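Have a look at the structure below, then the notes.
The values are calculated or read from the model by the stated rules, or taken from the named source; none is laboratory data. These figures come from a predicted structure and were not determined experimentally. Here the Cβ is made from the backbone with ideal geometry for all residues, glycine too, and neighbour counts use every protein chain on show.
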Amino acid sequence: MLKIRIALPLKQKQIAGTSSLFQHPSSPPSLFLESNHLLDKDEAEKEWKYIFFNYPEKEIGITQCRLSNGISIKYLISKTETCGGVMRLIVGGGRAAETPETKGAVVLGVRTLSEGGRVGNFTREQVELFCVNHLINCSLGSTEEFFCMEFRFTTRDNGMRAAFQLLHMVLEHSVWLEDGFDRARQLYLSYYRSISKSLERSTAHKLMIAMLDEDERFVEHTPNSLENLTLQT
């Protein structure tokens, strides 16, 4: 199995709002392979250039690389699960980057991208078909410290190439949909309302509220905070 970890250096101001979650790094990410499916013709003809600085860790088999634009990559080739790969993109910030005016922006923004499912001129159905045809499973998530995208793919039949194409499209041509935003908000509203139906969750929630002085960055966001957010926040 091939395991890849990619870290993008984002500026602090670029991760505060909902619509700015996947803004570009300080320089364009040169991570991506040319396309024969998802990328536009002009973009596919670009010559992506790489400058690697390798620091192999022979004892554990991990190789660390850094591109000329500051993006760091770590990869490991293991002997388990042959013909399979996992790629995880890590972006610093996460829920801790939320401000009092943008409570819930990070989790809601990540979920909005997941609910929308569109990239560039391609519909959600076309993206899903692309993933099915190339055996790609993609998931998005956020924590207090960062948010990430994880791709699981096959290394056969250009599976890794297709995963990088999809990653490129999400970073460069993500589409924010109002109906996806509404579905994401309703989902988190239902999460909050379900807290009182579980003794364990309700106790944990009240304990965290008391310990963290009602800091919503580390607990479920309240309906009031979610309703105050818009897609342009």
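Descriptive notes on the structure:
- Looking across region 194-230, the residues that are of a type in the set (A, V, I, L, M) and over 22 Å from the mean Cα position of the chain (by Cα) come down to I195, L199, A204, L207, M208, I209, A210, M211, L212.
- Residue within region 168-185 that is touching a Cys at 6+ places or on another chain (Cβ under 9 Å), touching a residue at least 24 places away in the same chain (Cβ under 8 Å) and buried (at least 17 other Cβ atoms within 10 Å of the Cβ) present: yes
- Condition check for E150: under 13 Å from the mean Cα position of the chain (by Cα), among the charged types (D, E, K, R) and at pLDDT below 90: no
- The set of residues in region 192-233 that are at pLDDT below 90 and aromatic (F, W, Y) contains only F218.
- Scanning region 87-124 for residues that are under 21 Å from P223 (Cα atoms), among the basic types (K, R) and in contact with a Gly (Cβ under 9 Å, 6 or more places away or on another chain) turns up R95, R111.
- Of the residues contained in region 153-162, none is found to be crowded, with 16+ Cβ neighbours inside 10 Å and within 22 Å of Q232 (Cα to Cα).
- Cβ-Cβ distances below 7 Å connect the following pairs, each with a first residue in region 206-233 that is in contact (Cβ under 8 Å) with a residue 24 or more places away in the chain, a second residue that is part of a loop (DSSP other than H, G, I, E, B) and of a type in the set (S, T, N, Q), and a separation of six or more residues or different chains: E216/T222; L229/T18; L231/T18; L231/S19; Q232/S19; T233/T18.
- Output for region 186-197, where each listed residue is surrounded by 12 or more Cβ atoms within 10 Å (Cβ to Cβ) and assigned to a helix (DSSP H, G or I): Q186, L187, Y188, L189, Y191, Y192, I195
- Yes/no for R156 being basic (K, R) and in a helix (DSSP H, G or I): no
- Consider region 102-132 and keep the residues that are acidic (D, E) and free of Cβ contacts under 8 Å to residues at least 24 places away in the same chain. The one that is surrounded by the fewest Cβ atoms within 10 Å (Cβ to Cβ) is E125.
- Residues in region 81-136 that are touching a helix residue (DSSP H, G or I) at 6+ places or on another chain (Cβ under 6 Å), more than 19 Å from F181 (Cα to Cα) and part of a helix (DSSP H, G or I): A97 alone.
- Residues being more than 13 Å from V127 (Cβ to Cβ) and either free of Cβ contacts under 8 Å to residues at least 60 places away in the same chain or not charged (D, E, K, R) (or both) - total across region 152-162: 7
- For region 70-80, the set of residues classified as surrounded by fewer than 16 Cβ atoms within 10 Å (Cβ to Cβ) and assigned to a loop (DSSP other than H, G, I, E, B) consists of G70, S78, K79, T80, listed by residue number.
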